[in-house]
């Protein structure tokens, strides 16, 4: 039986992650911190992963891409690239929420999990999971103080929001706040691929769309302009 090969990529944060899974095992994974945007690096990193794993593009069975919430620009680049590759190769495509990838990266956990990803403007993207990585809330865009108000039990936090708002979390939660090791703070494409591989094909969405959790700055500006015109 031919190996099942999954190409996975996540561009939702400042970490660019690309991996190739072969029969559920990581054949190659590259994780890089990106400062100037993902667009100039993504295709070359994909090629490097395929070359190092000895995988021709035509051998890819499934492409999995992180769908956020996260960087608006990063999400658009990653999803557009994944769609283009899937269409050109004639292979399946599935989207996996970024916060799900973060939570699953910490499983098994002895505590409930809340990934907190920097959303700018003094806010975080977050979601709540049990210790097995099963989600039991929607994807949210909250101020750190609002996250604190949700927590009633000891909880494991991870993500870029930990570094930014650690003082807020510790002050508000005390011993209820536990922080995952830093290597779990960024979404890893190998974890994303594992989630996608475990999904039944009939559950794949008809179209892969980004999860924004809030409107972009451009949309908010247009709304303000529209309201200003309406008052005149």
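Laboratory data are not the source of any read-out in this text; all were calculated from the coordinates shown. The structure presented is a predicted model; accordingly, all values stated were derived computationally and were not measured. Counting neighbours? That spans all protein chains shown, and the Cβs are built from the backbone with ideal geometry, glycine included.
Key figures
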read-out	value
Span from the the range 190-206 Cα centroid across to the the range 70-147 one, whole angstrom	14 Å
For the chain: rounded, prolate or oblate by the Cα gyration tensor [a/c cutoff 1.5]	oblate
Highest-MSF residue in the chain out of 200, 82, 19 [GNM, Cα springs under 10 Å]	200
The range 100-184: relative contact order in percent, alpha carbon pairs under 8 Å with at least 6 residues between	29 percent
In nm, spacing of pseudo-spin labels at residue 207 and residue 89 (7 Å Cα→C-beta vector)	2.3 nm
Angle in degrees between helix 217-231 and the longest Cα principal axis of the chain, rounded to the nearest 10	50 degrees
The chain: most fluctuating residue of 40, 68, 133 per GNM, C-alpha cutoff 10 Å	40
Pairwise label distance in nanometres, residue 134 with residue 146, each label 7 Å out on the Cα-Cβ vector	2.7 nm
Cα gyration tensor category, rounded, prolate or oblate, for the range 72-124 with a/c compared to 1.5	oblate
Computed [θ] at 222 nm, helices only, for the chain once each DSSP H run of length n ≥ 4 contributes -39500 (n - 2.57)	-11000 deg cm²/dmol
Nearest-ten-degree value, helix 72-89 long axis tilted from longest Cα axis of the chain	20 degrees
Selected from 98, 81, 58 as most flexible by GNM, with the chain as the system and alpha-carbon contacts under 10 Å	58
The range 134-222, relative contact order in percent, only Cα pairs under 8 angstrom and at least six apart counted	30 percent
Pairs of Cα atoms farther than 15 Å apart, the range 100-184, %	49 percent
Segment residue 111-residue 168, length gained on full extension (0.36 nm per residue, minus Cα span)	18.5 nm
